[in-house]
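These notes are about the structure you will find just below.
The values are calculated or read from the model by the stated rules, or taken from the named source; none is laboratory data. Here the structure is a predicted model, which means the values were calculated and not measured. Quick reminder, even Gly has a Cβ in these numbers, built from the backbone with ideal geometry, and neighbours come from all protein chains shown.
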Amino acid sequence: PISVIADVDTGVDDALALLFLAAHPDIDLRAVTCVAGNASLSQVTQNTLDVLAAAGSEAPVAAGADRPLIEQARDAGSYHGANGVGNLLLDASQRTAEPVHAVELLRREIEASAHPVTLLSLAPMTNIALFLRLYPKVAAQLERIVVMGGTAGIGNASAVAEFNVWHDPEAAQIVLSSDVQTTLYPLDVFNRVVASEGQIRELRDAACRRTRLAAELLDYQLTLADLPADIASGAKLGDAGAAVFLVAPELFGVETWPVDVELSHGFCRGQTVVDRRLRGGEAEEHDLMTPTVRSDVALTVDGDAAASVFV
Ligand code: BDR
Ligand code: CA
């Protein structure tokens, strides 16, 4: 199995991702770290423990950063519901979070793992940026970082920026420009992995605690009505699609390009500029982009097949 640590801001779709990661036989979910994003850090941590309890996972959980590196936290309650998980009432977990910061849990688990760990980032990248700066040698042991974040086209938090990058652009830039190999899972694919109403029914009818919770979360996603124009109906898997990517990469088209994050404080702040020019700029000496490192970027997906893998 693939050794995975997930960094989350649970989050309806983070919850779907955790249910999948805990259940999949090819995944060894070793730990989960929490960061402020969709909801406050304390709410995210409680949601994460509760979802893992429903998933039957005992993976250790730690709370990390309660705000971005530079700016104040801005939650997404209007989208994910006031409690971050579509206002569903989850059964309370019997467990509590580890008494260490998320960065320390990352260090501990990566050092202890017999196999190189894949870090799956499903949230603003504050914890991961802090970890890379504090423990670069431990970070060098990672297999790679798979980042749900960014967009090569249209944004969601703003016209051009995706929420996880927009919430902490400096952290995203630290991650994308690090020496660790990164794979971006941007909105271009995030928006296209969609479960049908029939698939949601299948999950609900399976009479199992975790599939029933998945169905309830997907019912919430159905109400959001935020699908790409060419997809008629269904519920977005969101972050859970990035978890599917780990086990079924053949369903995705991945290209390698320079990626840079816009850090100025204008209306493009948090945009991930994917430089897909086939040759250098026409005025290369004036080019302000600073990417020294290239990132793998998932740009296309067989959305139906990816949703089937999830179900
Ligand atoms: C990302 O932001 C959050 O709303 C979701 O959980 C996902 O990680 C999408 O932009
Ligand atoms: Ca998320």
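Annotations for the structure displayed:
- Residues located in the range 1-34, provided they are away from ligand 2 (no atom under 13 Å from the Cβ) and in contact with a Phe, Trp or Tyr (Cβ under 7 Å, 6 or more places away or on another chain): Phe20
- Of the numbered criteria (1) at pLDDT 95 or above; (2) hydrophobic (A, V, I, L, M, F, W, C); (3) within 16 Å of ligand 2 (Cβ to nearest atom); (4) in contact with an Asp or Glu (Cβ under 9 Å, 6 or more places away or on another chain), the one Ala62 fails is (3).
- Selection count, the range 141-181, where residues are under 14 Å from Ala123 (Cα atoms) and acidic (Asp, Glu): 3
- Of all residues in the range 99-113, those that are crowded, with 16+ Cβ neighbours inside 10 Å have Cβ atoms under 7 Å from Cβ atoms of residues that are among the aromatic types (Phe, Trp, Tyr) and at pLDDT 95 or above, 6 or more apart or on another chain, in Val103/Phe131; Leu106/Phe131; Arg107/Tyr135.
- Helices (runs of 4 or more DSSP H) completely within the range 178-280 that count 2 or more residues being in contact (Cβ under 8 Å) with a residue 40 or more places away in the chain and either more than 16 Å from ligand 1 (Cβ to nearest atom) or more than 26 Å from Trp166 (Cα to Cα) (or both): 197-205, 209-224
- Thr96 being of a type outside the set (A, V, I, L, M, F, W, C), surrounded by 23 or more Cβ atoms within 10 Å (Cβ to Cβ), touching a residue at least 12 places away in the same chain (Cβ under 8 Å) and more than 27 Å from Arg269 (Cα to Cα): no
- Within the range 146-161, the presence of a residue that is modelled with pLDDT of 95 or more, loosely packed, with under 14 Cβ neighbours inside 10 Å and touching a Gly at 6+ places or on another chain (Cβ under 8 Å) is excluded.
- The single condition among (1) within 16 Å of ligand 1 (Cβ to nearest atom); (2) touching a residue at least 40 places away in the same chain (Cβ under 8 Å); (3) under 25 Å from Ala248 (Cβ atoms) that Val32 does not meet is (2).
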